[in-house]
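Take a look at the structure below.
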Amino acid sequence: MPSEWICVDDIANEDRAPVEADDALQVGLRVTLAEAIRSSAVRRRWPHLHEVCRFVGAPALREQATLIGNLAAQGDLVPYLLVSQASLLTWNEGEMEEKSVSEWLNSRDTAADVLITRLNIPKESERVRYFVRKVGRRAGFQPALVTIAASLEVDDACTVGALRVAVGGGAHWPHRLPKVEALARGERLRPSLLRELHHVIQSEMWTYDDAFATAEYRRVVVANLVTAFVASALEEG
Amino acid sequence: MDRDQLRSLPTWIPRPDGWEKARGRMRYLTDLHHPGMLIGGVLRSDYPHARIRHIDTSRAQQIPGVRAVLTWRDVPGLNRYGIVIQDQPVFCEDRIRYVGDVLAAVAADSRASLEQALAAIQVEYEPLPVVAQPEQALRRTSVKLHPTGNLLHRRTFSRGDVTQGFAASAVIVEAVYETPRQMHTYMETEGGMCIPEPDGSLTLYAPTQHGYGDRAQLARILGWPEERIRIVSSPIGGSFGGKDELNVQPYLALLALATGKPVKIHQSRAESVRSGLKRHPMRIWMRTGAARDGRILAHDVRIVADTGAYATLGPAVLDFAVEHATGPYIIDHVRVRGYSVHTNCGVAGEFRGFGGNQVTFALEGQMDRLADALGIDPLEVRRRNFRAHSDCGPLGQTIAPTEGADEVLAFVERKRAEVQSRHTVTSASAYHRRGIGIAVTMHGGGLGLRRPDHTGGRVRLTRHGKIELAFGFEECGQGVIAAIPLLAAELLDCAVEDVEVVLGDTSRVPRSGSSTASRATGMVWHTLKRIRPDWESKMLSLAARVAERRESDLRLGPGGVHERNAGRLVASYADLAAAAGDDLPEVEIASHFPVTPDTWAQDGAHYLYSFAGVVAEVDVDLLTAEVRVTGLHQGVWAGGVVNPMGYVGQIEGGGVMGMGFALMEDALMDEGRYVTRNLDTYLIPTALDVPEMELEAIIPKVEDGHGPRGVGEIGTVAVAPAIAAAIHDAIGVWITALPVRQDVLLAEMAKRGETLWRWMPSDASKESTSWGRERIASSSS
């Protein structure tokens, strides 16, 4: 729970709904999760963002909670934003700066008095497979045990162009798994690669034990889900 | 009768408080506001176990707006409470035993002053070693939490010779079962208001399951006669057993007395978690032996219940668990040993199911393991050991004969076959497995033998021509407020609209005992049955006088008294009220819940039982071990159905609560402190978790003279073992601890070699698949 809250209700000239522009979705700081879910553009061209927004919080909460608020709190949205290579616009004492979500997470901005004013989310490509999942202890309105997003580009020869995997949710600091991604890049999809991926995901991801699940569980679950996702490309062709 | 048939009954009518509740407009007692009222609160312990060296309230008293700061020195009567054993301090004097223990209470003009004052109270503690586990508490070397030691209560039962039974057994199964510290999670947290009246009495508005019970307890604390206290106690925003014991009422009363002003307290959810009762976590060891044909020959049970810091109803909960350790099965050689043990882990007490849910999870788990070991259908193993109509109760006592056991087993057989036929459709994904599980139970109603289980009620004609029915039960959400008019219509031949119900005010209602143990609806039925002859006689005599007719020509009816044969209305209830003047007909009776005639039986032995059979369907995600209940079907035998909508609500609501117990609810503690301190980590099922639920209310073919049994608890009892059995059916893992933890399940699956590679479609998991080669070939061509 953040210690400080910023009311964005009265900021003028800010869109309440996400805006589609130049193959990207522009999300202002007043855009709520509920508005994103209601947006036909999101439903059609960002179907996995749509899915992610639906597993954050509960209906009443989504009417109030914003996408940028979720990002600022390193919530369930972030793995998807990392995988989709979203960028954001920050405001820091009058200076505007654009950076990727990944850069922002790795900068000191998250702890400083830097406001996020806009989020740009590239359109989901039809050539790319996406996967998003929140694993928890009940069907909805819950803190995640772990939240995962992944994307996979495979050519007709079954060679991986790019695999992106990000982990977050719960008390995780959202992070990509670069070793896993590098392991798959340029490789032909094959069962032995799946086994390697399953192994490296577990060794690379940062996770934790808490009262509700062991770190081991979180590692295996992420490895299982991501590997099964990658394998589905093999199965479906 | 299934749900559709129940819906088609003329008695399927919305409950009188339904609209207000559904729209959020019901004014609960914790919503009350009084001009000039003070805000009250209490200081609870920083430690789960400590000695108190010193309490200094002087700084708190000087804070502007603070009207009273009280400690144990300010209690005029007994500084203790507890429904049966008064061992829980109102204010601790020198010893802390759990994190909810109270050291001081404050009343102030505002919440800000209150919070400042609570923070300004200085307590010097001497922390003591925390007794966090019952097994640890039972050791000779353990710190003693009470002068009598850490064993609150021991209850044993035996029949035959288990050693002989095991020696003759072809198969023996043994397991240890653990159940969680489930929280009642009533929507309305504890609170209320106390108003000092000009005549020196007190009126206390606070939700409770037993207004007269609270009155007696408060009178002891204040050193007053009970009559000086009026308790207004309904409506209640949920209780489930959690509000039978006192909670904040003593502080409301003491602060109101000290300040001479109305005082309100309403606990936050966090404080409710910290201080409120929970379901007893139990560790149950069971060893069960059977002959090759499935007949159980021996059953040995050891139950250790973590009752926490104070007694409340811990002994009775243990007695119930011991009684139900053999459930509906007839076993020659039985030994049950039960221990209820004090620890520094909160306080456990009464909770829907009352020890039955825990022991049924273990017992039904044993039945499934036996069936597995013998290679016999789990349902058939149950049938071979099932009680007959006139068999004795589990403690050997005479009970009301009933066909309930057979009926619920027949339901389970029917429903399971139906569900199995639906399951032939293959699962949507390679990474999901479905399973079906069954469980049955019998559950005693009422408090049992030699318990003070008094009841009663009053009927009278009001000045306005209404039939007023007054009971000391509470409306805690269960719907007794809807059941009473329906029962009156049936048993007093009036219309539902003729009835006015009065509940929840000790100045207006007779004693009816507590709203607990699935007893209220049944007791209304018994009371009205007994009231009927006198009531009829008084009303017909009055009507005969008014209409100048013979009594024998008249009968009671909707709207008033009618001609016995022609049915024409002779005098409306309003006419009769007007004619009666000040001599309005009134009948009041006192009675007792039916008990077994076998006075030699153990304390708490029951006479009336209800029965349930459950079929659960689950879907297990093999990649994450997430368990989703996809179907939960209950067949319930509980006498007749009084209020069909309430019946459905109780069974479905109970089913969801049982799912929570099975899959997610546990108030986790670490060294006597709550880890799950609010509803963000203590999870209960939401609407999204609720599966398809079917219900069959099994109506007795012949009314047996004992009326409806009450369904407040039965819908929760056998849900968890059915879900556990369904999980085993899906993935082959036996569940021994609730709630089912996904990490444990996944690790168990891995131990059995059930990993991703086994489930992955063969194309993707095998290196030498032709698929890979063909794809490469086709892409390079």
Cα-centred dipole magnitude for segment B:454-592, charges only on beta-carbon of K, R (+1) and D, E (-1), debye, nearest 20: 300
Extension reserve of the B:Trp734-B:Glu20 stretch, reckoned as 0.36 nm per residue once the Cα distance is removed: 252.5 nm
B:His34 accessible area, assembled protein chains, probe 1.4 Å, Å²: 60
Accessible area buried between chains A and B, both sides summed, probe 1.4 Å, in Å² to nearest 100: 3100
Average beta-carbon neighbours from other chains, 10 Å sphere, peptide A:185-192: 3
Within 10 Å of each Cβ in A:133-143, the average number of Cβ atoms from other chains: 6
Counting all C-alpha pairs of the protein assembly as shown, share separated by more than 54 Å (%): 25
Inter-chain Cβ neighbour average for residues B:671-683, partner chain, 10 Å: 2
Exposure of B:Arg463 as accessible area (Å², to 10), given a probe of 1.4 Å and all protein chains: 150
GNM result for chain A, Cα springs below 10 Å: residue of A:Asp23, A:Asp113, A:Asp156 fluctuating most strongly: A:Asp156
For chain A, built as a Gaussian network whose Cα springs stay under 10 Å, the top-fluctuating residue of A:Asn70, A:Asn92, A:Asn13: A:Asn13
Kirkwood-based Rg to Rh ratio, chain B, C-alpha trace: 1.01
Positive-end residue of B:Leu569, A:Thr214, B:Thr630, charge dipole of the protein assembly as shown with Cβ unit charges: A:Thr214
Estimated vicinal HN-Hα couplings, Hz - segment B:157-168 in sequence order (Karplus 6.51, -1.76, 1.60; Gly, Pro = x): 8, 8, 8, x, 9, 5, 4, 5, x, 5, 4, 8
Lys/Arg +1, Asp/Glu -1 at C-beta; the protein assembly as shown dipole; positive extreme among B:Cys194, B:His592, B:Val656: B:His592
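What whole-number value in Å² describes the accessible area per residue of segment B:215-347 for a 1.4 Å probe?
23
Can you order the peptides A:212-223, B:575-586 by their average number of other Cβ atoms within 10 Å per residue, highest first? Kindly include the intermediate steps, with their values, before the conclusion.
Numbers: A:212-223: 22.0, B:575-586: 15.1.
With the highest mean Cβ count within 10 Å placed first, the list reads A:212-223, B:575-586.
Where in chain A are the DSSP H helices whose alpha-carbon span along the long axis reaches 18 Å or more and whose Kyte-Doolittle mean is at least 0.5?
Helices passing the filter in chain A: A:215-236.
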B:Arg511-B:His54 FRET efficiency (beta carbon distance; Förster radius 35 Å; 0.05 resolution): 0.20
Among A:Ser39, A:Ser102, A:Ser151: highest mean-square fluctuation, GNM of chain A, C-alpha pairs under 10 Å: A:Ser39
Summed residue charge, Cβ within 13 Å of A:Gln202's Cβ, Lys/Arg positive, Asp/Glu negative: +1
Förster-model FRET efficiency, 51 Å R0, B:Ser572 and A:Gln85, C-beta, rounded to 0.05: 0.05
Helical segments meeting 24 Å axial Cα length and Kyte-Doolittle -0.5 threshold in chain B (DSSP H): B:356-374, B:520-547, B:644-663
Per-residue [θ]222 nm for chain B (sum of -39500 (n - 2.57) over DSSP H runs n ≥ 4, rounded to 500): -9000 deg cm²/dmol
For segment B:31-46, Karplus couplings with θ = phi - 60° (6.51, -1.76, 1.60), whole Hz, Gly/Pro x: 8, 5, 9, 10, x, x, 6, 9, 9, x, x, 10, 9, 9, 5, 7
Rounded accessible area per residue of segment B:454-592, 1.4 Å, Å²: 40
Estimated dipole of the protein assembly as shown in Debye, rounded to 20 [Cβ of Lys and Arg +1, of Asp and Glu -1, Cα centre]: 1460
Modelled FRET efficiency - R0 30 Å, B:Asp31 with A:Asp15, Cβ distances, 0.05 increments: 0.15
Segments B:729-741, B:135-147, B:154-166 sorted - mean Cβ within 10 Å per residue, highest first: B:729-741, B:154-166, B:135-147
Spacing of the two label points (7 Å from each Cα toward its C-beta) at B:Arg111 and A:Glu4, in nm: 2.4
Cut-off under 5 Å, modelled amide H: who pairs with A:Ala162 long-range: A:Glu153
Fully extended contour minus Cα-Cα distance, from B:Thr398 to B:Arg414, at 0.36 nm per residue: 2.8 nm
Distance between modelled label sites at B:Ala168 and B:Gln61, nm, 7 Å Cα→Cβ extension: 7.3
Distance-filtered residues of segment A:212-232 - backbone nitrogen under 15 Å, label point 7 angstrom along A:Glu187 Cα→Cβ: A:223-224, A:226-232
Within-13-Å neighbourhood charge of B:Ala137 [Cβ basis; K, R +1; D, E -1]: +3
Dipole of segment A:144-196, positive direction: furthest Cα of A:Thr147, A:Ala157, A:Pro191, with charges on the beta-carbon: A:Thr147
Residues with amide H under 5 Å from that of B:Met26, placed H, sequence gap 5 or more: B:Lys21
Peptides B:711-721, B:531-541, B:656-666, B:446-456 ordered by average Cβ neighbours within 10 Å, highest first: B:711-721, B:656-666, B:446-456, B:531-541
Local electrostatic count at B:Leu151 - Lys and Arg +1, Asp and Glu -1, tallied over other residues with Cβ under 13 Å: +4
Nitroxide proxy distance, nm - points 7 Å out along Cα→Cβ at A:Arg195 and B:Val690: 4.8
Span from the segment B:573-638 Cα centroid across to the segment A:51-86 one, whole angstrom: 45
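What full-extension length gain, to one decimal in nm, is calculated for B:Asp372 and B:Arg532 as 0.36 nm per residue of separation minus the Cα-Cα distance? All intermediate terms of the calculation are to be shown ahead of the outcome.
Working: separation 160, 0.36 × 160 = 57.60 nm, distance 5.33 nm.
Extra length available between B:Asp372 and B:Arg532 comes to 52.3 nm.
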Rounded percent of accessible protein surface that carbon and sulfur make up, the protein assembly as shown, 1.4 Å probe: 49
Percentage, to the nearest whole number, of Cα pairs in segment A:128-236 over 20 Å apart: 35
Reach of B:Lys243 by Cα under 26 Å, taken over lysines that are not fewer than 8 positions away in the same chain: B:Lys21, B:Lys261, B:Lys264, B:Lys278
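The values are calculated or read from the model by the stated rules, or taken from the named source; none is laboratory data. Values in this document were obtained by computation on a predicted structure and should not be read as measured data. FYI the Cβ positions are ideal-geometry reconstructions off the backbone, even for glycines, and counts take in every protein chain you see. Areas reflect the complete protein model, heavy atoms only, side chains present, ligands, DNA and RNA absent. Shrake-Rupley method; radii C 1.70, N 1.55, O 1.52, S 1.80 Å.
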